[in-house]
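**Q** Encoded as structure tokens, here's the structure I'll be asking about.
Derivation of every value follows stated rules applied to the coordinates shown; laboratory data play no part. What you are looking at is a predicted structure, and each value in this text was computed from that prediction instead of being measured.
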Amino acid sequence: MLSIRHLRKALTVSGKVDSRFQMEFDTIEYLKHGNTKQRQVYQLLTKHGIMSSLSVFEPILVGTIPINIDTDCSDIDIICYTSDLKQFSETLRKLFQGKDSFRLSEYQGKDTNAVVGSFKVESFEIEVFGQDTPTRQQLAYRHMLIEHRLLKQNGEGFRQQIIALKRKGFKTEPAFALLLDLKGDPYAELLNYETDIANKRPKR
């Protein structure tokens, strides 16, 4: 689940993703060939038409499940792009208010605001996050791509260490920052890898 602090960061920072980071994550097709949890999520999202019902908002599945660092308490995070938060809220209410534990929340940031709809489908908690920033420029997406590359570069042991930290209560970005010995704000520091990740070190 996106933390309140992470939500606030997502509302105050925007940017463009280096094209080198564009992977298969723009659709959920890769989940069909993934691990057990990923295949379960694919079946759930497809069965209930979650992504297709949000298609006008350019939805992307983000978070820990796509990059295989989820824990038992990880939920399904979906980001969306909307220029009309009121309409977005109304759409979420229309689509999902019949789901268990449905709730709508609004967040205000320095430069933009966001709406988050949360609900439960079968055994999964789902959060749908919308803001007036294209999904491929939102921090949740950018962080996920960076973390995916770092996981690939640093191997299985590194991935297991991230999961172990998350099981101890660490959020994802602080867990990466700890293992990479990054100082300062972990959400901002990880973005330094966006333009220099090929060298396995952040740009300074």
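**Q** So between residue 152 and residue 106, what do we pick up on full extension, going 0.36 nm a residue minus the alpha carbon distance?
**A** Answer, rounded to one decimal: 13.0 nm.
**Q** For the stretch 85-117 and the stretch 23-41, what is the separation of their Cα centres, given in Å?
**A** So the two Cα centres are separated by 25 Å.
**Q** Still on this structure, I have one more. Could you name the aspartates and glutamates whose alpha carbon sits less than 14 Å from that of residue 110, not counting residues in the same chain fewer than 8 places away?
**A** 132
**Q** How big is the Cα convex hull of the stretch 4-199 in projection, averaged over all directions, in nm²?
**A** 10.6
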